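To start, the structure under review is shown below, and the notes come after it.
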Amino acid sequence: MLRNKDKKLLLELLKNGRLSFSKLGRICKMTRQSVFSRIKTLKNKGIIKNFTVNLDEKKLGLNLKAYILVETEPLRIDREKAWNLLKALPQISQVHQLFGRYSFLIEVVVRNIDELSEIVRKVHRIEVVRRTETMIVFKTEKYRPQHPLEGVLSGK
């Protein structure tokens, strides 16, 4: 269970991960040393996975995002093989294992439709893949992966 001070600290880091320990301390009413210690503890516990930058994919030329549902052979060993091969493709930003008809949901971020077609072909070359269904993102209205976390941390 997280302490209230840890929750406040994590909320502030979600808003701005570049805040200094001193600034975080002032906001959270903690000393700079306490902030450093709490962050180190939260990292060691795996609650804080990493500190990263959020880049604009389109400004870097990655203009197309798609989600691909992947159906595989039912054997567990086959799914693991497909899982490892999918994770290795650099254009795939997320791979989720699913329950149900499909084994995986993958997110692909690419330059154009030709590159997407090539990724789909690569997925189909995995021998345990039975079929895929591709959904191209037309427009993203909300992208706030931290939003559910903010709700949990603030008690909402």
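Observations on the model:
- Protection proxy ranking, peptides 71-78, 49-56, 93-100, average beta carbon neighbours within 10 Å, highest first: 71-78, 93-100, 49-56
- Mean Cα-pair separation over length for the chain, i.e. relative contact order, pairs under 8 Å, 6 or more apart, %: 25 percent
- With N counted as the residues of the chain, its alpha-carbon radius of gyration over 2.2 N^0.38 Å works out to 1.34.
- Kirkwood Rh (inverse of mean 1/r, distinct Cα pairs), segment 4-53, angstrom: 10.7 Å
- Counting other Cβ atoms within 10 Å as a rough exposure proxy, the listed residues V152, V108 run V152, V108 from fewest neighbours to most.
- Pairs with C-alpha atoms separated by more than 24 Å, drawn from the list K7/K49; K59/K156; K122/K142; K8/K43; K59/K122, are K59/K156; K122/K142; K59/K122.
- Using the alpha carbons alone, the radius of gyration of segment 3-95 stands to its Kirkwood radius in an Rg to Rh ratio of 1.17.
- Farthest towards the positive end of the charge dipole of segment 22-156, among the residues C28, I126, I92, is the Cα of C28, using unit charges on the Cβ of Lys, Arg, Asp and Glu.
Here, each number is a calculation from the coordinates, and none is a lab measurement. Quick caveat, the model's predicted, so the values are computed rather than measured. Cβ atoms come from the backbone with ideal geometry, glycine included; neighbour counts cover every protein chain shown.
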